Amino acid sequence: MVSSPVSADGQIAEKVATYPITGRTGEELYVSIGENGPTAGGSRAIAHTTFDLKWSRKYENRGSACVLAAAKPWLTITYTVPKPAGRLPDAVRRHWDTFAAGVLAHEKVHGDTIKAMVRTIEGFSVGFTVENDPNCKVIRQELTKRLKAASDTQRQQGRDFDREEFRDRGNMHRLILGLVNGG
């Protein structure tokens, strides 16, 4: 696991998890991915990026207003990718290595959009103020609306990126063809 600061007080950790696949040819490996890959949206995927985001927040009363004085994110991003369970023939290994590197690079773009979402949330959170909210209830409701909008934006970016990558002659499409036809 690799950790790095996401802000002055928060932290981000990224880890790669694998799931086993079998096969001795590129086509067999790809079939195994289809049978064993993580589920995303009700179907199997080649790989998947998930995250766990927790916040430490400090709300303060300032007169009759409530202010979000501090917000520290604790983010863990997990990239789940395929890994052959056995040794591959050299020719297949070369194609697999290209495919695997491309898949992980693709997933890391999803990770980048998650990190950008966290920075966006930090940007609108710290200092967020709601007047006439001495019990700090309204601010939480308003913050939830903003969090949903940031999350919706991140999800749409992921869908748009996948659509481009998997289109005919898109990067992921080429990687799949290279594995299946070359290995």
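Miscellaneous remarks
- Every Cα-Cα pair in the chain was counted, and those over 19 Å apart are 64% of them.
- Charge tally for Asp90 (other residues, Cβ to Cβ under 12 Å; Lys, Arg +1; Asp, Glu -1): +3.
- A straight chain from Ala85 to Asn171 at 0.36 nm per residue would run longer than the Cα-Cα distance by 28.4 nm.
- Computed from the alpha carbon positions, the gyration tensor of region 83-164 leads to an equivalent ellipsoid with semi-axes of 44, 12, 9 Å, biggest first.
- Accessible area of the chain belonging to carbon and sulfur atoms, whole % at 1.4 Å probe: 51
- Heavy atoms of the protein chains alone define the surface here; on that basis region 54-183 has 55 Å² accessible area per residue at 1.4 Å probe size.
- Helical segments meeting 27 Å axial Cα length and Kyte-Doolittle 0.0 threshold in the chain (DSSP H): none
- Solvent accessible area, Å² - Lys148, 1.4 Å probe, full protein context: 120
- Partners for Lys108 among lysines (Cα-Cα distance below 23 Å; same-chain residues under 8 apart left out): Lys15, Lys54, Lys72, Lys83, Lys148
- Two-site FRET efficiency, Thr129 against Asp52, from Cβ-Cβ distance with R₀ of 25 Å, rounded to 0.05: 0.30
- In this Cβ point-charge picture (+1 for Lys and Arg, -1 for Asp and Glu), region 29-170 has a dipole of about 280 debye about its Cα centre.
- A Förster radius of 25 Å, combined with the Cβ-Cβ distance separating Glu60 from Lys145, puts the computed FRET efficiency at roughly 0.75.
- Legend: residues Thr18, Thr80, sorted from most to least accessible area (1.4 Å probe; ligands, DNA and RNA excluded), read Thr18, Thr80.
The values are calculated or read from the model by the stated rules, or taken from the named source; none is laboratory data. Quick caveat, the model's predicted, so the values are computed rather than measured. For neighbour counting, all protein chains shown are included, and Cβ atoms are generated from backbone atoms with ideal geometry for every residue, glycine included. Quick note on the areas: whole protein, heavy atoms, side chains included, nothing else; ligands and nucleic acids left out. Shrake-Rupley method; radii C 1.70, N 1.55, O 1.52, S 1.80 Å.
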